[in-house]
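Below: one structure, written as structure tokens.
The values are calculated or read from the model by the stated rules, or taken from the named source; none is laboratory data. As the structure is a computational prediction, the values presented were derived from the model and not from experiment. Backbone-built Cβ (ideal geometry, glycine too); neighbour counts: all protein chains shown. Accessible surface is based on the protein model in full, side chains and every heavy atom, while ligands, DNA and RNA are left aside. Shrake-Rupley method; radii C 1.70, N 1.55, O 1.52, S 1.80 Å.
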Amino acid sequence: APVIPEAHNEWVQTSEDLKKRSEAVTRLEAFYVVCEPRGKWANAQKGNTKAVAECQEQLDETSLRLASKWLKTWKKNPDFPEFADGAEKAFEIYLRRALQSEQTSESRFAYAELLFQRKKYRLASEQYAVVSTTGVKSKTVAHDAAYAAVLSLEKAVGDKWNEKDEKTFHDLATTYVTQNPKGQYRLDVEFRLGLIAYEKNRYDEAAPIFLRLGQDFATLEKGVKAQDLYLDILNIKKDYKGLREYSRGLMKVAKDDIRKMKLQKIYEEAYFLQIQKMEEEKKHIDELIATYLTEGLDKNALAE
């Protein structure tokens, strides 16, 4: 019958009016099945595409209205998870077939926020990522969604990164940095990207990230940490020439005396290690020693 969608719509609303919210959700799911374009009811309409479209419109309006209502109620009454359960399901039903629009993006962002608040971080990350890449008009929402997608995945993974999650994180981080080259969280996102590679011993991948962050954010704590990690990578790779040149450059801009002393020590140790390496490789060291002395460094330290 043509009025089947209307009957289901009324059934959903009546369940809500009677405060039978779990039943309202069940009825909403049944309503979705009725509106299925290739479903039993749609086929019975014998090509009446307008009726099928109107069914979907009714479903969209009802599911989104209830999702918004239940979400608002849950925020005021967080001790009643049934409202959050209902809102989550209603949003999910609405978004299954909803056409792309500003309203859809706003609804998906609200859905992602709900998932994040309920600590369903992986699902939240997926929804945030969709918002950030579907042409949402608000630059603020696009920025926040792109960063939230990264943050949510971090929370979902913790310290147990597998290859698939690393790839997803790399894609999400790249999206954020590309869309927001001067974004508020660029340092945090890229630093984490470099740190994941560093902890997996992928130093060639991590090195340019830390080098760039150390240059761009030299006055910030995490920028300094990036410098230290780049120094460590140079040391691990036994690139003592690069180590002394980089530490010497940092000494010129360091404003803290303690840090200058630390860098000075690294610089001098890099010289000794380079000499030792050259001796092991049976290379000439006269030129290196001469350079060391002409730069006015501690002769006693060299003697030692």
To the nearest 10 degrees, the tilt of helix 240-253 (Cα long axis) against the first principal axis of the alpha carbons of the chain is 80 degrees
SER152: accessible area at probe 1.4 Å, nearest 10 Å²? 0 Å²
For the chain, take the longest principal axis of its alpha carbons; what is the angle in degrees between that and the long axis of helix 4-17, to the nearest 10 within 0 to 90? 70 degrees
Pop out the carbon and sulfur fraction of the accessible area of segment 6-107 as a percent, whole number, probe 1.4 Å. 53 percent
Sequence of GLU88, GLU245 when ordered by accessible area, the most exposed leading, probe 1.4 angstrom: GLU245, GLU88
Solvent-accessible ranking of THR175, THR133, largest area first, probe 1.4 Å: THR133, THR175
The relative contact order of segment 46-161, taking Cα pairs under 8 Å that sit 6 or more residues apart, comes to a percentage of 18 percent
Considering only protein heavy atoms and a 1.4 Å probe, what is the carbon-and-sulfur percentage of the accessible area of segment 150-193? 50 percent
Net charge over other residues, Cβ less than 13 angstrom from the Cβ of VAL25 (K, R count +1; D, E count -1): -1
Measuring from the longest principal axis of the C-alpha atoms of the chain, the long axis of helix 21-34 (C-alpha) lies at a number of degrees, nearest 10, equal to 80 degrees
What FRET efficiency comes out for the pair LYS241/LYS139, r = Cβ-Cβ distance, R0 = 51 Å, nearest 0.05? 0.70
Which value, in Å², gives the accessible area per residue of the chain when a 1.4 Å probe is used on the protein heavy atoms? 58 Å²
Restricting to lysines and to Cα separations under 20 Å from LYS222, and discarding same-chain partners fewer than 8 apart, the set is LYS155, LYS182, LYS200, LYS252, LYS255, LYS260, LYS262
Going from most exposed to least, what order do LYS40, LYS50, LYS69 have by accessible area with a 1.4 Å probe? LYS40, LYS50, LYS69
